[in-house]
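The structure appears right after this line, and notes come after that.
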Amino acid sequence: MIEINGVSVFSGVAIGELRFLQKRRRETERVEAADSAAELERFEAARGEADMELERLCEKATKEVGEEEAAIFDVHRMMLSDPDYLEAIGGIITGEGVTAEYAVSRASETFAEMFSSMDDPYMSGRAADVRDIAERLLAKLSNGDEGRPALSAPAILAARDLSPSDTIQLEKEKTLGFVTSGGSANSHTAILARTMSIPALVNLGEKLLPEYDGHFAALDGFTGTLYIDPDAETLTAMEKKKAESAEARARLEGLKGKANVTIDGRRVKVFANVSGLADIEAVLENDAEGIGLFRSEFIYMESDCFPSEERQFEIYRRAVEKMGDREVVIRTLDIGADKQAAYFDLPHEQNPAMGMRGIRICLTRPEIFQTQLRALLRASVYGKLAIMFPMIASPREVDEAMSVMEEARESLRRQNIPFREDISVGIMIETPSAVMMSAELAERADFFSVGTNDLTQYTLAADRQNQQIERFYDARSEAVLRMIKIVADNAHAAGKWVGICGEMGADTELTEKFLRMGIDEISVSPGALLPLRRKIRSLDLSK
């Protein structure tokens, strides 16, 4: 038996034959071209064909996994039109007098490496998307197609990596699961795997060899382990875990539609954290009561320039419309630190986690803030939208932010553009100073949401991005828990509700402690919703 460890992107167990996807390797060596103008024409023709193919894939994905997941292919189409990307390819063709194939390969790899080197896991996952686009262009330039993963019988699919295009073309009834030697848990491929409920592991490394093609295997999506030629004991354990997983999932599914109430009658709001429209289907599928954290910064991070008011308005409008009468709390721009967008042209900082980020950028560059606030206010008439300010450290910052918001309101009034006057405005509690000033802050905000990730980081002076001090970053710190209690008490004294939207919220070992503190709402990733609901319904706070 061979055991290989990787990163799980969707929990579950798959047992069956391992089949390797063999993709044709395309020649991309440096070849000089006699006519650069002709190579540019070839590239433009290939780009047009690739765009049409992506449009067809988008239609297929919309039918099979939903509109939001299909947006992945719209992102690819946007990348195909990205001025920097096109300029890089054209510059190599004309400047070096080489073939379009070589130019596409080299420029794409440069962009992919740029993304993969980013600290933010979401942005590093975009490297796979760039390589997917490059593969599509190279296929068109060679008058071929990319091929599609095909299985003649149910099996676990293995590959060096799978692109989103490969994943959406999988025959779900024949794909028991998939494993890749590369890849990221935050890639679009991983997002699709979770949406399609396919057990999957990525980043298994060089130990995943093509010579294992045809071998019997068991994939454990709970531990991130692939067993090749499992022994009888392991196989029996995997079959038992698979059956237990199916039973547990069925029990969790039974929670949908039921109230999030403790045994003694305490009502708790269970919301979801999302990074964009693509996550909303999972929010609805897991029956969340609302969205407690919509990370608007990803709209900026996925753009190559400042997103316009209209673009933002459309995204926020679609979000609240999809959620119907459920509340959607949208956090204003929280760029900076580990979340960067080059066009912001932020200065290099020795300690970016404590530098120009979040509300500080919004208050020092109010023109950016105004655009976002106008878009949010306009979208408020389409559903139950609330606004939340991040990284607040003082009452003065709230006052300044509210002043900018009033300017946005006034500008809309002058233009007779409708918006909700009674929109709820809250703040994130992420700094120790916000904790200590929470009584004063409660006078200015409609609600609090505790961002436990940053609050823990700042309280313990332990950079959560620094792996060297990981053991000093205590996710269950008693100091942080006491701070949360102070915040809850001050919020309730002012008649305001308080929630948690950081990673601590998904830790069911802390759920009872949070509820005894008086926490009114807990917001977690869509996949953590049902386990959290089960935990809440099992508690009796009267004891």
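The values are calculated or read from the model by the stated rules, or taken from the named source; none is laboratory data. Fair warning: this is a prediction, and the values are worked out from it, not measured in the lab. All Cβ positions, even for glycine, are placed from backbone atoms using ideal geometry, and neighbour counts span all protein chains on display. Heavy atoms of the whole protein, side chains included, go into the accessibility calculation; ligands, DNA and RNA do not. Shrake-Rupley method; radii C 1.70, N 1.55, O 1.52, S 1.80 Å.
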**Request:** Just the number, please: carbon plus sulfur as a percent of the accessible area of the chain, 1.4 Å probe, no ligands or DNA/RNA counted.
**Result:** 49 percent
**Request:** With θ set to phi - 60°, apply the Karplus curve 6.51 cos²θ - 1.76 cosθ + 1.60 along the stretch 206-219 and write out the HN-Hα couplings as whole Hz, x wherever there is a Gly or Pro.
**Result:** 6, 6, 7, 9, x, 5, 7, 4, x, 7, 6, 8, 10, 10
**Complete:** Where a ≥ b ≥ c are root eigenvalues of the Cα gyration tensor, a/c under 1.5 meaning rounded, otherwise prolate if a/b exceeds b/c and oblate otherwise, the stretch 194-252 counts as oblate
**Fill in**
Whole-Hz Karplus couplings 3J(HN,Hα) for the stretch 226-239, θ = phi - 60° and coefficients 6.51, -1.76, 1.60, Gly and Pro as x, run 10, 9, 9, 6, x, 6, 4, 5, 5, 4, 4, 5, 5, 5
**Fill in**
Of all DSSP beta bridges having both residues in the stretch 190-300, the percent classed as antiparallel (nearest 5) is 60 percent
**Bridge type composition, the chain - antiparallel percent by DSSP, nearest 5** = 35 percent
**Prompt:** Whose amide H sits under 5 Å from the amide H of Ser424, counting only residues 5 or more places off or on another chain, with H placed in the peptide plane?
**Reply:** Ile387
**Fill in**
Residues of the stretch 419-458 with backbone N under 11 Å of the label point set 7 Å from the Cα of Ile486 along Cα→Cβ are 431-439
**Fill in**
Taking placed amide H atoms and a strict 5 Å upper bound, the residues 5 or more places from Glu327 or on another chain that come that close are Ile291
**Request:** May I ask you to list the lysines whose Cα is less than 16 Å away from that of Lys172, ignoring any residue fewer than eight positions away on the same chain?
**Result:** Lys60, Lys63
**Prompt:** For the stretch 285-356 and the stretch 387-451, what is the separation of their C-alpha centers, rounded to whole Å?
**Reply:** 16 Å
**Fill in**
Taking Lys and Arg as +1 and Asp and Glu as -1, residues besides Thr225 with C-beta under 12 Å from its C-beta add up to 0
**Asked** Counting only residues 5 or more places away or on other chains, whose amide H sits under 5 Å from the amide H of Leu21 once H atoms are built in the peptide plane?
**Response** Ala158, Ala159
**Item:** Label-to-label distance, nm, for residues given as Glu49 and Glu239 (7 Å Cα→Cβ offset)
**Value:** 4.9 nm
**Request:** Please work out how much length the chain gains when fully extended from Asp399 to Ala248, using 0.36 nm per residue of separation minus the C-alpha to C-alpha distance, in nm with one decimal.
**Result:** 49.6 nm
**Fill in**
Tilt, helix 309-323 to longest principal axis of the chain (alpha-carbon atoms), in degrees rounded to tens, equals 80 degrees
**Request:** Using the structure shown, list the pairs from Lys258/Lys496; Lys269/Lys513; Lys207/Lys240; Lys322/Lys384 with a Cα-Cα distance above 20 Å, or answer none.
**Result:** Lys258/Lys496; Lys207/Lys240
**Item:** Förster radius 41 Å - calculated FRET efficiency between Arg476 and Lys207 (Cβ-Cβ, nearest 0.05)
**Value:** 0.75
**Prompt:** Accessible area per residue, 1.4 Å probe, Å², for the chain: what's the number?
**Reply:** 43 Å²
**Request:** Using the Karplus curve 6.51 cos²θ - 1.76 cosθ + 1.60 with θ = phi - 60°, work out ³J(HN,Hα) for each residue of the stretch 363-370 in order, rounded to whole Hz, and write x for Gly and Pro.
**Result:** 7, 8, 10, x, 5, 5, 5, 4
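Considering only the other residues whose Cβ falls under 13 Å of the Cβ of Asn5, what net charge follows from Lys and Arg at +1 and Asp and Glu at -1?
Within the 13 Å Cβ shell, the charges total -2.
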**Item:** Area of Glu443 that stays accessible when all protein chains are in place (1.4 Å probe, Å², to 10)
**Value:** 140 Å²
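Based on the Cβ-Cβ distance from Met356 to Glu96, what FRET efficiency comes out when R0 is 41 Å, to the nearest 0.05?
On the way: r = 39 Å, r/R0 = 0.94.
Efficiency for this residue pair is about 0.60.
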**Message:** With every atom except the alpha carbons ignored, what do you get for Rg and Dmax of the stretch 191-289, in angstroms?
**Reply:** 18.3, 58
